[in-house]
1. Looking at residue 468, is it in a helix (DSSP H, G or I) and open to solvent by 10 Å² or more (accessible area, probe 1.4 Å)?
2. Show the residue pairs meeting these rules: Cβ distance below 6 Å; 6+ apart or different chains; first residue within the stretch 70-86 and on the phi < 0 side of the Ramachandran plot and outside the structural domain of residue 172 (by TED's automatic domain parsing); second residue surrounded by 10 or more Cβ atoms within 10 Å (Cβ to Cβ) and of a type in the set (D, E, K, R).
3. Conditions first: (1) without any contact (Cβ under 8 Å) to a residue 60 or more places away in the chain; (2) within 18 Å of residue 125 (Cβ to Cβ); (3) open to solvent by 50 Å² or more (accessible area, probe 1.4 Å). Residue 306 passes all but one, so which condition is the exception?
4. Could you check, for the stretch 168-188, whether at least one of its residues is more than 9 Å from ligand 2 (Cβ to nearest atom), in contact (Cβ under 8 Å) with a residue 12 or more places away in the chain, out of contact with any His (no Cβ under 8 Å at 6 or more places or on another chain) and closer than 21 Å to residue 242 by Cα?
5. Could you tell me which of the residues 150, 222 is open to solvent by 60 Å² or more (accessible area, probe 1.4 Å) and part of a helix (DSSP H, G or I)?
6. Report, by residue number, each residue of the stretch 311-339 that is more than 15 Å from ligand 2 (Cβ to nearest atom), open to solvent by 10 Å² or more (accessible area, probe 1.4 Å) and either among the charged types (D, E, K, R) or not in a loop (DSSP other than H, G, I, E, B) (or both).
7. Please specify each residue of the stretch 287-300 satisfying the condition of being open to solvent by less than 30 Å² (accessible area, probe 1.4 Å) and either over 30 Å from residue 164 (Cβ atoms) or part of a loop (DSSP other than H, G, I, E, B) (or both).
8. Report whether or not residue 281 is within 16 Å of ligand 1 (Cβ to nearest atom), at pLDDT 95 or above, among the β-branched types (Val, Ile, Thr) and not in a helix (DSSP H, G or I).
Amino acid sequence: MSKPKKEYDLVIIGSGPGGYVAALRAAQLNMKTALIEKYPTLGGTCLNVGCIPSKALLDSSEHYHKAAESFSDHGIDLKQLKVNMPQMIKRKDEVVSQTCKGVEFLMKKNKVDVFYGWGSFVDAHTVKVKGDKEEALLGAKKIIIATGSKPNTPPSFNYDKKRVITSTEALNIEKLPAKMVVVGGGVIGLELGSVFARLGTEVHVIEYMDTILPGMDPDCSKELMKSMKKLGVKFHLSHGVNKVESTARNVKVEFSEKDKDKAQKLTADYCLVSIGRKPYTEGLGLENAGLKTDDRGRISVNEYLQTEVEHIYAIGDVVRGAMLAHKAEEEGVFAAEKIAGQKPHIDYNLIPSVVYTWPEFAAVGETEDQLKERGIEYKVGKFPFKALGRSRASGDTEGLVKIIADKKTDEVLGVHIVGARAADLIAQSVAVMEYRGSAEDIARMSHAHPTYAEAVKEAALAATENRALHI
Ligand code: FAD
Ligand code: NAD
């Protein structure tokens, strides 16, 4: 039986990086806040089956790959190197568990009430939480929907979680597969494809478009593809999947080049479906609150992240925009501050994207194609990592930095990096662009030597007046 209704200033449904960060900010702003999560651990996709576990496996597999491929160049000889997959997965699970517990601790510390169970709208001001053992009714002045997303698995892929899998299952494979077909050359396909390719799996990526990472800078995409080919990944660009059939022991994938009849077949241990994610609103009872989803399943929001029902906000993967943890976090802070009467701001153009392959691929701002489309005149400065002393010292010589600046004003409009530690390097460019700095601003800043960051300075020099020094 339901207990009496508990009243809150703010009820948040979903504890991913959008929801839990919104809860923290709301608590800082003195709101009585409740957070609802249907799983027994907090942190959502990102902490449980996304960013954190994938990065743990990316790091472990990169250590193995380096030990196998380049330690001997450094004068380190190892004998009998082998992958211990169960240990790799165990370590990943420990990292996930520690991180999720960290969120639980933060909720307690900030006096956020956490309710474990399925959240659904009773009406526009009431949310029911159906837990394993009991139900709760929460009354709310304001509500934030932060229910995230799920992998897109169209019926034709025959997703069975055993041989036809998504990232969620791929993160728990305990026996190293001999062969894996990855459908989709996007972020998940390339990151998880890298994990298995580094450990020795034969990885085939089938991508519908004529490039990996469509929409990102083509020069950088090509450079990354070159590196991944060296790793042994086989790419089938401009190909679509016709049929996926699995047995207990393997999976057969039939695919063909776009607009051509001749089909190819691959038999593999797994077929990883990574063709995008879709917003998740199942069982939320949106209709009880007077809400509906758009044609892509997203909850529509205005510039303030308010839904059609003013006091109900929605953030993160369940609304428009990039499906990124840090975008969800920014929106969590935004929504909490807006509810508290503040005037927050998010510049969506300055939310960086990172692909955690090796080399990493990081970008912020606009691409050349986007600028062309907007009719903006621009100039480009490029610098290859191989010309850096730091890169030669470490042996990480692949990749380049590309800086795009306004032709007249020199304002930095886009930065695209493929290279060692690009994920961390991009933060400087975000800062410069946030202050509307110029390529010359970056070029005149002192960058420590020897660092990978010097490649950013050199690319900025190249963009300024073709003044790169070390090339
Ligand atoms: P989610 O993290 O999806 O959280 C939503 C939560 O709501 C879930 O816990 C869900 O159980 C809960 N929920 C849903 N409905 C209900 C309900 N009715 N009642 C109660 N609870 C409910 N992004 C990055 O920026 N960097 C990365 O490196 C990165 N790596 C990724 C790797 C993988 C393999 C995947 C799959 C994703 C990755 N992402 C990454 C994307 C990132 O995980 C998402 O963008 C982010 O988690 C979105 O946050 P969110 O809060 O909107 O939703
Ligand atoms: P994605 O949108 O990045 O890539 C999907 C790819 O699949 C695209 O290249 C698309 O052209 C291709 N595709 C679509 N349908 C296809 C088909 N039928 N056959 C062949 N190819 C097809 O999606 P994803 O890799 O599944 O990732 C989902 C989301 O998770 C992304 O929005 C991403 O932002 C987020 N994510 C982010 C990170 C990160 O920030 N490092 C890591 C993992 C996931």
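1. no
2. 85/174; 86/174
3. It is condition (3) that residue 306 fails.
4. No, the stretch 168-188 contains no residue that is more than 9 Å from ligand 2 (Cβ to nearest atom), in contact (Cβ under 8 Å) with a residue 12 or more places away in the chain, out of contact with any His (no Cβ under 8 Å at 6 or more places or on another chain) and closer than 21 Å to residue 242 by Cα.
5. 222
6. Scanning the stretch 311-339 gives 333, 334, 337, 338, 339.
7. Listed by number, the residues that qualify are 289, 291, 297.
8. Working: within 16 Å of ligand 1 (Cβ to nearest atom): yes; at pLDDT 95 or above: yes; among the β-branched types (Val, Ile, Thr): yes; not in a helix (DSSP H, G or I): yes.
Yes; evaluated as a whole, the condition is true for this residue.
The values are calculated or read from the model by the stated rules, or taken from the named source; none is laboratory data. Only a predicted model underlies this, so the values are computations on that prediction, with no experimental measurement involved. Glycine gets a Cβ as well: all are built from the backbone with ideal geometry, and neighbour counts include every protein chain shown. Only protein heavy atoms, including side chains, enter the accessible area calculation; ligands, DNA and RNA are left aside. Shrake-Rupley method; radii C 1.70, N 1.55, O 1.52, S 1.80 Å.
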